[in-house]
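Enquirer: Just dropping this structure here.
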Amino acid sequence: MTPPPPQPPPPDSNPASDSATDPRPGPGPLVVLFGATAGAMGPDLGSDETDLILLVWQVVEPLSRQVGTLHKSLVRAEAAALSPQCREASGLSADSLARAEPLDKVLQQFSQLVSGDVALLGGGPYMLCTDGQQLLRQVLHPEASRKNLVLPDTFFSFYDLRREFHVQHPSVRPARELTVATMAQDLGLETDATEDDFGVWEVKTMVAVILHLLEGPSGQLFSKAEVVKQKYETGPCSKADVVDSETVVRARGLPWQSSDQDVARFFKGLNIARGGVALCLNAQGRRNGEALIRFVDSEQRDLALQRHKHHMGVRYIEVYKATGEEFVKIAGGTSLEVARFLSREDQVILRLRGLPFSAGPADVLGFLGPECPVTGGADGLLFVRHPDGRPTGDAFALFACEELAQAALRRHKGILGKRYIELFRSTAAEVQQVLNRYASSPLLPTLTAPLLPIPFPLAAGTGRDCVRLRGLPYTATIEDILSFLGEAAADIRPHGVHMVLNQQGRPSGDAFIQMTSAERALAAAQRCHKKVMKERYVEVVPCSTEEMSRVLMGGTLGRSGMSPPPCKLPCLSPPTYATFQATPTLIPTETAALYPSSALLPAARVPAAPTPVAYYPGPPTQLYMNYTAYYPSPPVSPTTVGYLTTPSAALASASTSVLSQPGALVRMQGVPYTAGMKDLLSIFQAYQLAPDDYTSLMPVSDPSRTVLQAPKEWVCL
């Protein structure tokens, strides 16, 4: 079924002279290549991560219109099971594949046979030609990467016959919808319908299509080859960059120790844009197993989406669509220092964590040693600092090659001073994220100690008039809880539903309910304990207000992860406060009307007006807080905050109109020495201070401290 081998050109013929007289010289020799896997075929080729089982090829000489010998080779598959579609189309069996050569041997035979055929047809560099891009990008390159095989340079550039056909016949149909059969049909070519050898008919038909296209008038035919990038290129990304959303995907489920090179290897065969791998970090600055990947065009992105649930080691990776805004948010940066650091190309980035705060460039270079020099010496180090200049203990280092980076990684958990240092592979996007995170962090530390008193009654007591719900679905809302409690929901106090969030600001699966009495709480617990909500049973147990307050104020109650998230509001400047409605009270009158006066203010200051019953706070415009869906969520405060009577020292320097109001003075102890007025004002954002009160911050004198030391206590009027 194969044509006879081509005869060598006669001695008097000269291909070079023939090509010189040809007004359209055309490309060099083409190797028409067809392949199949043990699984999906057609447009889904390679989407199921199955091994290659067949290669069929034939050489075509465009100038002389000669063809070489048609070759067919089976490939041994590690997983011998064939899909029903493949078994029916190919007629192959697991026994025949078990006797075949492995992929590395087949590729060696391919190179030898192609070189011999090209030499018989006149020689010259040859180029592969395939039907579509799936065979090389989705099958050969990923499988070679999984098996640690090095492909010849020939497999990194090729012609896509569908695109070449579309160049000469653009009005027939889109290139993505073309197949070998439709191309032959559109050209009116007669094909051998009796050919039943799997793969042979496809190659013969592709050769006939190529020879017909070469007779056409287009001079752009086979002039622009498809290129497969051999190496991922790192680089910075600016927040000013515009990223096309049709080129970005999100990969989820990555091993935490994976680097950008590991992600690029997972997408081997697809062209990732320069600096197009952005590993995502969690709230603690550690990798969360997700990454955003930017490709050079939408076609590469569509092929990447077909690798959904392909494996990286023993883990399967989920691949979804993402947006350009998400990529810029993760990978973009505006710091000139970071831009200069990342401006060096082809550098391997390592992250050092746990450095002593006193460590400098010389200490880090000495720790790494002369066997793994940093690119540029001290200029190749980037220390991460807080906004006030204090070191965080993190740094990034550049290395010129992979070997030097590997030598540096051997220093993982080495000792510098009295601390062990962790070293990890890093990326340009991670550098941007870490610097952006610390640049936007508040100066006041995040504390887990008791927070500001909640502006509604949580009176201390041992009466068990509350219930605690454990094991709630993470998607549960307050309406779901009210429906779950049923008739007992009528006994809930106004604003009595409190959802507990974890440190990342997500639902923890716990909630507290304030009931009208201890008897009602016990009845609700007995009626609803271990009832099912959204396919999960929920524990309902009575508890006291004191126990509920301990959890809602940042403590724990018999289990970890129960603290509500700190409010991460940006520090507002005084001009922003000027837009607030002026009021002489510490909380708005509308909000104060919903709560009894014993929580914060004397009874005389609360208007005695009837209030509507509500189970959770009103619109977020009343509170100006980040987490407004649930109570409590006041901003972080120092460890000791209380309301006290006006001292004589503050009375002499403050206006009478402010101090004449009972309870208008707050004293804060343990404030960080670096805290300024802007940081102190951010603590009281939930209470909407009047605009004329911003100048009423004064330090409390401490005779035991010198004048060169900052005060540790402040009074807010």
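The values are calculated or read from the model by the stated rules, or taken from the named source; none is laboratory data. Keep in mind that this is a model prediction, so the values were computed, not measured. Cβ atoms come from the backbone with ideal geometry, glycine included; neighbour counts cover every protein chain shown. These accessible areas exclude ligands, DNA and RNA; they are computed on the full protein's heavy atoms, side chains included. Shrake-Rupley method; radii C 1.70, N 1.55, O 1.52, S 1.80 Å.
Enquirer: Regarding Arg99, is this residue more than 23 Å from Thr205 (Cα to Cα) and more than 42 Å from the chain's Cα centre (by Cα)?
Expert: Yes.
Enquirer: Just name the residue that is nearest to the chain's Cα centre (by Cα) out of those in region 146-188 that are among the hydrophobic types (A, V, I, L, M, F, W, C) and open to solvent by 60 Å² or more (accessible area, probe 1.4 Å).
Expert: Among residues in region 146-188 that are among the hydrophobic types (A, V, I, L, M, F, W, C) and open to solvent by 60 Å² or more (accessible area, probe 1.4 Å), the one nearest to the chain's Cα centre (by Cα) is Val150.
Enquirer: Return the residues of region 69-89 that are in contact with a Pro (Cβ under 6 Å, 6 or more places away or on another chain) and either part of a helix (DSSP H, G or I) or of a type outside the set (Ser, Thr, Tyr) (or both); say none if nothing qualifies.
Expert: Listed by number, the list holds a single entry, Arg76.
Enquirer: Please enumerate the residues belonging to region 519-545 that are in a helix (DSSP H, G or I), touching a residue at least 24 places away in the same chain (Cβ under 8 Å) and either among the charged types (D, E, K, R) or open to solvent by less than 40 Å² (accessible area, probe 1.4 Å) (or both).
Expert: Listed by number, the residues that qualify are Arg520, Ala521, Ala523, Ala524, Ala525, Arg527, Cys528, Thr545.
Enquirer: Are there any pairs with C-beta distances below 8 angstrom linking a residue in region 339-350 that is free of Cβ contacts under 8 Å to residues at least 60 places away in the same chain to a residue that is surrounded by 13 or more Cβ atoms within 10 Å (Cβ to Cβ), with the two at least 6 apart or on different chains, and if so which?
Expert: Listed pairs, sorted by first residue: Arg344/Thr375; Arg344/Gly376; Arg344/Gly380; Arg344/Leu398.
Enquirer: Among the residues of region 31-72, write down those that are closer than 18 Å to Glu101 by Cα and among the basic types (Lys, Arg).
Expert: Passing the criteria: only Lys72.
Enquirer: Residues in region 313-335 that are polar (S, T, N, Q) and modelled with pLDDT of 85 or more: how many?
Expert: The number of residues fulfilling the criteria is 1.
Enquirer: Take the residues of region 262-275 that are modelled with pLDDT of 90 or more and either among the small types (Gly, Ala, Ser) or open to solvent by 20 Å² or more (accessible area, probe 1.4 Å) (or both): which is nearest to Glu326 (Cα to Cα)?
Expert: Here the answer is Ala273.
Enquirer: Within the set of pairs 6 or more residues apart or between chains, which connect a residue that is without any contact (Cβ under 8 Å) to a residue 40 or more places away in the chain inside region 413-439 to a residue that is among the acidic types (Asp, Glu) and open to solvent by 10 Å² or more (accessible area, probe 1.4 Å) with Cβ atoms less than 9 Å apart?
Expert: Matching pairs, first to second residue: Lys413/Glu422.
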